[in-house]
Amino acid sequence: MQRHFVQELDALKTNIIKMGSLAEQAIAESIRALLEGRRDVAQRVITQDKEINAFEITIDQQIVDLLALQQPVATDLRFILAAAGITTDLERIGDHAVNIAESALAYIEYPPVKPLVHIPRMTQITQQILRDVIDGFIHNNPGLCRAVLPNDDVIDDLNRHVVSDLVLVMHQNPDTIEPALELIRVSRNLERVADLATNIAEEVIFMAEAEVVKHHLGESGSSNKAL
């Protein structure tokens, strides 16, 4: 029975890793579609979202089976509870990739509004956050996940720069309103992806250390140990 339980936990972890890889790829491809004007890439992101959704359904069923049939405790229970939160966050990241791809399709129809500086930088940092938290999950490394938490504030600042720059452009040239709004949507979706990746970091910290870290409470030394 114990060997079977370990195998089920390993299968759950493997599926989350695969789902995380798909979500990471979807973000990268959706931004590529925007920057390179690739309609085919944007459409592929939209179509392949069903694979991420399918993983969510599979993982949810695995979690239900583990909780109902195995009655896990302590470390194993924290892993399963964290897995549930991570899966939800990854599914939402996939949804945001679709939103970005849809904005890319709309933006391609217009002349470029302005050289894109902050959005590529946001993308680079967001992808690194997501990559690090998935690695943290794979290797049970809470330190790696703690290190990404301050970057969420960096993304917030970049998003504010994007919005303020584009509002100025729209005021100066009303013809840019529609494409500029699409770029603002892209920026806000990237901000949400960074937020969700930060959530995953918090789940990994909980999983590894039984410590609840929400809203960066751990940075000031205020946190709660799970019972």
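None of the figures in this text is laboratory data; all of them are computed from the coordinates on show. Please read all numbers here as calculations on a predicted model, not as lab measurements. Cβ coordinates were reconstructed from backbone atoms using ideal geometry, including for glycine residues, and neighbour counts include every protein chain displayed.
Worth pointing out:
- The residues neighbouring Gln25, those whose beta-carbon lies less than 13 Å from its own, together hold a net charge of 0 under the Lys/Arg +1, Asp/Glu -1 convention.
- Cα-based Kirkwood hydrodynamic radius, the chain, one decimal, Å: 18.5
- Contact order normalised by residue count of the chain, Cα under 8 Å, 6+ apart, percent: 24
- For the pair segment 22-71 / segment 149-164, the C-alpha centres are spaced 25 Å from each other.
- The Cβ shell under 13 Å around Glu178 holds other residues with a net charge of -2, Lys and Arg each +1, Asp and Glu each -1.
- Between Arg160 and Leu77, the simple label model (points 7 Å from Cα in the Cβ direction) yields a spacing of 4.2 nm.
- With a threshold of 28 Å on the Cα-Cα distance, the over-threshold entries among Lys18/Lys214; Lys50/Lys114; Lys18/Lys114 are Lys50/Lys114; Lys18/Lys114.
- Cα-centre dipole for the chain with unit charges at Cβ (Lys and Arg positive, Asp and Glu negative), debye to 20: 200
- Based on Cα contacts under 8 Å between residues 6+ apart, segment 24-129 shows a relative contact order of 47 percent.
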